[in-house]
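Notes to accompany the following structure.
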Amino acid sequence: MRPVTPNHFILLLCQFFSTFGLMVLIPIMPLYMEKMTAHMGMPTVWAGLALSAPAIGSLFTAPIIGHFTDVFGHKKALLVSLTGFCISIIIMAEAVHLLVFIFGRILLGFCGLSVILTAYVSHLSVPARRGTALGQLQGSIALACLCGPIAGGLFMDQWGVEILLEFTALIVIVLMVSALFLLSNPPPSTESKHPQSVAASLFRDRSILSWLSAGTLVQAGAFGLVSCFVLYIGELSRITPLSLSAASLTGIIHALSWGTAFVAATYWGKRNDSRGDCLHNFVIAAFICGLTIFVLPWVSNIWLVLVLRLIQGFCFAALIPSVLHTITLKFENAVQGKAIGITNSAFVLGQLFGPVTVTLAYSFFNISIALICTSIFFMGAGLIVILNKISANSILEEAK
């Protein structure tokens, strides 16, 4: 396995702690909102708004952040973004009014740190090893998704989430200083078509558009599953007596699934490099994710549920890096930031409409339909990519 360079190590730490700061409040947001909205009411509504606030901020600013990275350089963009991230975390930690807290969450999305880190890692990696580098980045995200909710719940019960947020901000400040003095600053490429043509290329090229659509569906499935899985475990517990509460069991299964994704991320990245084509890995992983979720309504054994979720976590680790790898290989270094920013907006779009769609499916039908809807998102992602490949091959055959 190729050793992680100091540059990559710093970037992986930045990715871990930025995701960690985002995830510490995810499982406990409704409880946190109850405390903050004691005089206002509707804590569930405010919790939903607070959870979606970073995505709303990121949806519109990600392409701008990516373009800023291309024009002014990755290191400058990273330092500015880390500064904004620290400010947003401190605002959240010190907020005593709900609107101030939500403003901090929106600012978290505006920072576009994930876009910059992905573009930075892609820029530092040669194309032949970019899959591994992006896999390692996905691994750091998976590890943060495992550690963040656990730490958030623990601090909520023992010492207060505010202390954890302040500690996270302090670590990010240390990372900022480390990045300032230790991180290399490769000059941005200049040999490129006009940056404004990137958006046109993304939406005019059928292959790129299929990958963007697939990425949107993958994120819709992932976030849709998060919103309905606890409901599934709750109904399962009413049928089959369980030793743990539905909330605790859901948290454990989610954590183990993310742990599997952490282990698998580099494996899938190396496969993307060795094959030189992400399509096969993406399609196989997407269909397996879909199938493992599709069969859940007919499973009543909690150990089998755990096995299915571990398989799903293992395969999910292949999906987002495969989309990013494919997109970055289609554009020169000088415009990759903007391309990654637009791709990130596609991901965020899925994060927003996935839970809404799955929640509506549960409200109008039942948990089985909600899970099947989630499954369709994943299998639809694989189907879009493979159908586009078949269509492209047919066009080539006709041209010959």
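The dipole here belongs to the stretch 305-400: it is taken about the Cα centre, uses +1 on the Cβ of Lys and Arg and -1 on the Cβ of Asp and Glu, and is about 120 debye.
Of the residues Ile386, Trp298, Met176, the one whose Cα sits farthest towards the positive end of the charge dipole of the chain is Ile386 (charges of +1 on Lys and Arg Cβ, -1 on Asp and Glu Cβ, taken about the Cα centre). Quick one: net charge around Leu124, please, counting Lys, Arg +1 and Asp, Glu -1 for every other residue with C-beta under 12 Å from its C-beta. Residues near Leu124 contribute +3 overall. Ranked by the mean number of other Cβ atoms within 10 Å of their residues, highest first, the peptides 71-83, 338-350 fall in the order 338-350, 71-83. Over the chain, Cα pairs under 8 Å with separation of 6+ residues give a relative contact order of 27 percent. So how strong a dipole does the chain carry about its Cα centre when Lys and Arg Cβ are +1 and Asp and Glu Cβ are -1, to the nearest 20 debye? Here the chain has a charge dipole of around 700 debye.
Taking Gly160, Gly109, Gly313 in turn, the Gaussian network model of the chain (Cα-Cα springs below 10 Å) assigns the largest fluctuation to Gly160.
Its Cα gyration tensor gives the chain an equivalent ellipsoid; the semi-axes, largest first and in whole Å, are 32, 28, 19.
Computed from phi, the 3J(HN,Hα) profile of the stretch 226-239 under the Karplus parametrisation 6.51, -1.76, 1.60 (θ = phi - 60°) reads 4, 6, 10, 5, 5, 5, 5, 5, x, 5, 5, 5, 6, 8 Hz, with x in place of Gly and Pro.
Selection among Gly160, Ser363, Ser81 by position relative to the dipole of the chain gives Ser81 as farthest towards the positive end (Cβ unit charges, Cα centre). When the Cα positions of Thr326, Phe110, Leu244 are compared along the charge dipole of the chain, Thr326 comes out farthest toward the positive end, with charges on each C-beta of Lys, Arg, Asp and Glu. Charging the Cβ of each Asp and Glu at -1 and of each Lys and Arg at +1, and nothing else, the dipole of the stretch 1-182 about its Cα centre rounds to 620 debye.
Applied to the stretch 332-347, the Karplus parametrisation 6.51 cos²θ - 1.76 cosθ + 1.60 on θ = phi - 60° returns per-residue 3J(HN,Hα) values of 5, 4, 5, 10, 5, x, 5, 4, 5, x, 5, 4, 4, 4, 5, 4 Hz, with x for Gly and Pro. For Ile90, neighbours were defined as the other residues whose beta-carbon sits under 15 Å from its Cβ, and their charges (Lys and Arg +1, Asp and Glu -1) total -2. Shape class of the stretch 1-182 from the alpha-carbon gyration tensor: prolate, with a/c at 1.5 or above and a/b greater than b/c.
Rule-based calculations on the coordinates, nothing more; no lab input. As the structure is a prediction and not an experimental result, all values here were calculated from the model. Methodologically, a virtual Cβ is constructed for each residue, glycine included, from the backbone with ideal geometry; neighbour enumeration extends over all protein chains shown.
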